Amino acid sequence: MTTLWNEFYCDLHTHTTCSDGVLKPAELVQAAKNQKLRCVAITDHDTVAGVKEAKQAGEQIGVEVIPGIEISVIFEPGTMHILGYFVDPDSSALQTLIHEVQQARNERNLSVIKQLNLLGMDISFEEVLKEAGGGQMGRPHFAKVLIQKGLVKDRDQAFRQLLGKGAPAYVNKRKITPAQAMGVIKESGGLAVLAHPIQLGIKPNSEEFRNLISQLKQDGLSGIEAYSSCHTQKQAKLFKKIAIEMELLVTGGSDFHGTNYGAELGNMGDGFCITDDVVSRMKEVLKKQTV
Ligand code: AMP
Ligand code: ZN
Ligand code: FE
Ligand code: FE
């Protein structure tokens, strides 16, 4: 039986084959429709290549598609990803940033191969490129090839022992500061939101965390992705509280990469869902935003 209430639900964090997701943009929008989602944001890593196809599919089948991007930025000790919503994919500022980031990614990918070869692993750039299937090549594709070749047993081992931050074949590719990324998102007509803050590697209830969010807000941040498949219910509650206290939007997304590949579409952990009113609030903030 279909459930009507699903039709108010949205997923604000998804990946397609244009980065490291499994579904093509149009397939992802169809999957959102099948899940009875009203709205889905396409937030591929460092690219907007999937936005047009997704938008077109959304118009045909009646799903609102929010054009988005997830930008990896310079940050220590953990990982910082900035989500950009409602960006104009043709904006020259965004295209320039994407170009720079893609170059750094290509160089990084070549260095990772070098490192893996130095570690005695028989793996080539071409093999990983083929695994990426024409989409943007990333570490999950390295992991897949390493598994196929029997060099590691699973994805977890691939990241823990080789590809993850601090591991011997990890190579930093980040060239953009959080302020730069948020500036470009705004310049391209978008709204900047901090993705899965637990990955920052900073205790959420610390002074350091609040200071960081306060700085990000000064630099253009509009919201926090409190609800994420990366967060426990307790963490989500805390991030929501902090966002409200700091007058930032509370958003959420599954970080869907494909079925049987982490979180399912529309699932942001512990059964929580993002409803229409969140998207309406985002649009209101965007209307008032000045670059
Ligand atoms: P890249 O953008 O090429 O550096 O790859 C980033 C992607 O790798 C993320 O979106 C995750 O899907 C995946 N990833 C990063 N760290 C891990 C990890 N420790 N375990 C599994 N997957 C990871
Ligand atoms: Zn990803
Ligand atoms: Fe991310
Ligand atoms: Fe993501």
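A short reminder: the numbers here are calculations on the coordinates, not readings from a lab. Treat the numbers as computed from the prediction; the structure is a model and nothing was measured. Every residue, glycine as well, gets a Cβ built from its backbone with ideal geometry; the counts of neighbours run over all protein chains shown.
Here are the numbers for this structure:
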{"quantity": "Amide N of region 8-32 lying under 16 Å from the label point, which is placed 7 angstrom from the Cα of residue 283 along Cα→Cβ", "calculated": "8-12"}
{"quantity": "When each of 240/287; 217/240; 36/283 is checked by Cα-Cα distance, pairs over 18 Å", "calculated": "240/287; 36/283"}
{"quantity": "The chain: calculated mean residue ellipticity at 222 nm from DSSP helix runs of at least 4, using -39500 (n - 2.57)", "calculated": "-12500 deg cm²/dmol"}
{"quantity": "Rg(Cα) / (2.2 N^0.38 Å) computed for region 27-122, rounded to two decimals", "calculated": "1.35"}
{"quantity": "Calculated diffusion of region 65-120, Stokes-Einstein form, Kirkwood radius summed over Cα pairs, 37 °C and 0.692 mPa s, µm²/s", "calculated": "245"}
{"quantity": "Flagged links, alpha-carbon separation over 29 Å, of 144/173; 173/234; 52/241", "calculated": "173/234; 52/241"}
{"quantity": "Alpha-carbon spread of region 137-226, three principal axes, descending order, Å", "calculated": "47, 33, 21"}
{"quantity": "Degrees between helix 207-218 axis and first principal axis of the chain (Cα, 0 to 90, nearest 10)", "calculated": "70"}
{"quantity": "Kirkwood-type radius of the chain, with distances r between different C-alpha atoms, in Å", "calculated": "19.3"}
